[in-house]
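Here's the structure, in structure tokens; my notes come after.
The values are calculated or read from the model by the stated rules, or taken from the named source; none is laboratory data. Everything numeric here is computed off the predicted structure, so don't read it as measured data. Cβ coordinates were reconstructed from backbone atoms using ideal geometry, including for glycine residues, and neighbour counts include every protein chain displayed.
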Amino acid sequence: MESPFPLVSGPGAVVSLRTLLDTVALGSTATYEKLALKAGFAVQSFYLQRNFAPAWTHPDSGWNHSATQALSLLKRAPAFGLNPESYAWPLLQSLPDSLQHASSVAGSLSGFELRLTDALLRYAAHLRYGRLQPFTTIPASLSELAAQQSIERLTYALAAAEFETAFLACQPTSATYQALQQVWRRTLPPDSVLTGLAQPTYGNAADFRRVALNLERLRWDVALPDSETYIVVNIPTYSLHIVENGRVVRTHRVVVGKPETPTPVLSSRITVFMTAPEWRVPHSIAVREILPELQEDPGFLADNNYHLFDARNRPVNPWRVRWSRVTPQTFGYTIRQEAGRHNALGNLVFYFANQHAIYLHDTPARALFREPRRARSHGCIRVEKPLELAAYLLGREKQQAALPDIRRNISTHTTCRYDLAQGLPIRIRYTTCEVQNSRLRFHPDIYCLDEDLDTVLASP
């Protein structure tokens with residue numbers, strides 16, 4: 001069998017790791033490329049801490065016990081939504097066969113040693129942070145922080161009684177991630193091997209891809225402490241959950257953005273809500289939807305409780321504007337909808353800082369909550385039973401006494417602001433696969449985001 005490491009092949013003693021990783025002659029980039037290391041700087045740091053002592057190989061027997069455990073873990077990468085080919089597993093597991101050929105033993109052993117370390121350092125980083133930059137389809141490079149954490153994790157696992165358990169502790173700790181990964185792992189046959197995402201040797205390839213990309217998304221999150229209370233909105237399930245101590249304690253149906261005006265993924269904190277809000281129509285909606293109505297009938301504004309203002313915030317009579325001459329590019333007005341039962345924001349609106357100018361709000365179109373698919377908004381999130389959500393927020397703030405005033409303000413269409421001293425974290429997420437009642441459940445990919453993500457992740 002030909003050695004997979006021609007740079008270090010040949011007769012004689014095993015080439016020292018210090019010699020192989022010496023970057024003086026060629027420079028670091030060329031050295032790591034010749035050694036086929038994708039995380040060369042991290043590999044260099046790992047062995048520097050070990051004074052360049054081998055971690056996985058023995059000159060006479062090849063892989064040691066830790067290496068055998070590590071290779072088994074790489075083989076089972078599909079259980080974590082990852083591909084063994086991304087970590088050179090087909091090559092690394094061929095070492096026992098290489099040892100049968102004396103001409104390839106000496107140099108190849110050191111090369112296998114380095115490649116296994118390279119694979120495991122990247123594997124640890126991918127298990128923790130994912131393969132892509134958060135909320136994008138751009139491959140992530142191994143950051144200095146991720147590299148250092150991977151080195152520490154690998155060093156710790158090597159010294160632990162149970163290598164696999166210690167190594168896998170690098171994964172996210174969120175309950176959602178842990179549940180999905182564990183149920184998926186139980187779904188696979190024990191000897192599952194992935195030869196390519198398009199040709200798995202187990203189960204349902206489509207299921208694997210859906211699970212894999214959702215595990216990737218869940219790795220992008222920074223886990224909140226179990227003691228934290230927060231709101232999570234999952235766009236594909238049209239649901240809002242309040243989570244306390246890792247358990248869902250309240251659920252509200254929601255309406256989310258249409259595919260052409262999608263609700264964004266973000267993290268923020270609800271800090272204020274208002275009763276009987278005025279709606280300031282976004283410019284995009286004004287020129288795309290209201291301007292054509294005005295060109296047909298200027299009375300459209302009065303019929304829908306809208307008011308028109310110029311650039312200096314002065315009221316404008318819509319009947320005195322020559323709307324036939326106004327285009328989306330020359331539209332210099334603002335439109336507001338006064339509080340009332342027809343207001344698009346309904347009786348309550350909940351604000352949280354974000355660059356997309358979206359928020360949670362009530363709606364007069366409450367029949368929408370009975371529909372199974374509720375991607376109907378311009379991007380903001382309409383929430384069912386908003387008064388109950390307000391009561392929950394006030395209860396956390398010890399402000400329950402304000403509830404009668406809130407009900408009165410709603411009935412009289414009185415605008416009033418309520419600031420929250422604690423506030424409540426809110427996370428808006430896009431998860432198309434999750435665990436319910438200990439079983440996998442797949443949800444519609446309403447924004448067609450899975451396809452793009454799958455295309456990128458399918459490549460080793």
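Applying the condition of being in contact with a helix residue (DSSP H, G or I) (Cβ under 9 Å, 6 or more places away or on another chain) and part of a strand (DSSP E or B) to the range 303-327 and asking which residue is farthest from Ala339 (Cα to Cα) yields Leu308. Taken over the range 395-414, the residue count meeting the criterion of being touching a helix residue (DSSP H, G or I) at 6+ places or on another chain (Cβ under 8 Å), closer than 18 Å to Pro277 by Cα and either exposed (fewer than 14 other Cβ atoms within 10 Å of the Cβ) or free of Cβ contacts under 8 Å to residues at least 60 places away in the same chain (or both) is 4.
Residue-level check: of (1) surrounded by 19 or more Cβ atoms within 10 Å (Cβ to Cβ); (2) outside any loop (DSSP other than H, G, I, E, B), Ala30 misses just (1).
Listed here are the residues, each with its yes/no results for (1) modelled with pLDDT of 75 or more; (2) touching a Leu at 6+ places or on another chain (Cβ under 9 Å); (3) assigned to a helix (DSSP H, G or I).
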| site | (1), (2), (3) |
| --- | --- |
| Pro96 | no, no, yes |
| Gln100 | no, no, no |
| Arg122 | yes, yes, yes |
| Arg128 | yes, no, yes |
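Of the listed requirements (1) closer than 28 Å to Val233 by Cα; (2) surrounded by 17 or more Cβ atoms within 10 Å (Cβ to Cβ); (3) modelled with pLDDT of 95 or more; (4) not basic (Lys, Arg), Gln337 misses just one: (3).
Filtering the range 249-268 to residues that are part of a strand (DSSP E or B), among the basic types (Lys, Arg) and under 16 Å from Pro372 (Cβ atoms) leaves only Arg253. Among the residues of the range 233-248, at least one is assigned to a loop (DSSP other than H, G, I, E, B) and touching a residue at least 60 places away in the same chain (Cβ under 8 Å).
Conditions (1) touching a Ser or Thr at 6+ places or on another chain (Cβ under 6 Å); (2) at pLDDT 95 or above; (3) of a type outside the set (A, V, I, L, M), marked per residue:
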{"residue": "Ala223", "(1), (2), (3)": "yes, no, no"}
{"residue": "Pro236", "(1), (2), (3)": "yes, yes, yes"}
{"residue": "His241", "(1), (2), (3)": "yes, yes, yes"}
{"residue": "Lys258", "(1), (2), (3)": "no, yes, yes"}
{"residue": "Phe273", "(1), (2), (3)": "no, yes, yes"}
{"residue": "Ser284", "(1), (2), (3)": "no, no, yes"}
{"residue": "Glu289", "(1), (2), (3)": "no, no, yes"}
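Filtered by the rule that a residue be in contact with a helix residue (DSSP H, G or I) (Cβ under 8 Å, 6 or more places away or on another chain), in contact (Cβ under 8 Å) with a residue 40 or more places away in the chain and within 17 Å of Asn343 (Cβ to Cβ), the range 252-302 gives Val255, Phe273, Thr275, Ala276, Val281, Ile290.
Of all residues in the range 269-302, how many are outside any helix (DSSP H, G or I) and within 30 Å of the chain's Cα centre (by Cα)? Total satisfying the criteria: 6. Among the residues of the range 141-152, not a single one is part of a loop (DSSP other than H, G, I, E, B), touching a helix residue (DSSP H, G or I) at 6+ places or on another chain (Cβ under 7 Å) and surrounded by fewer than 16 Cβ atoms within 10 Å (Cβ to Cβ).
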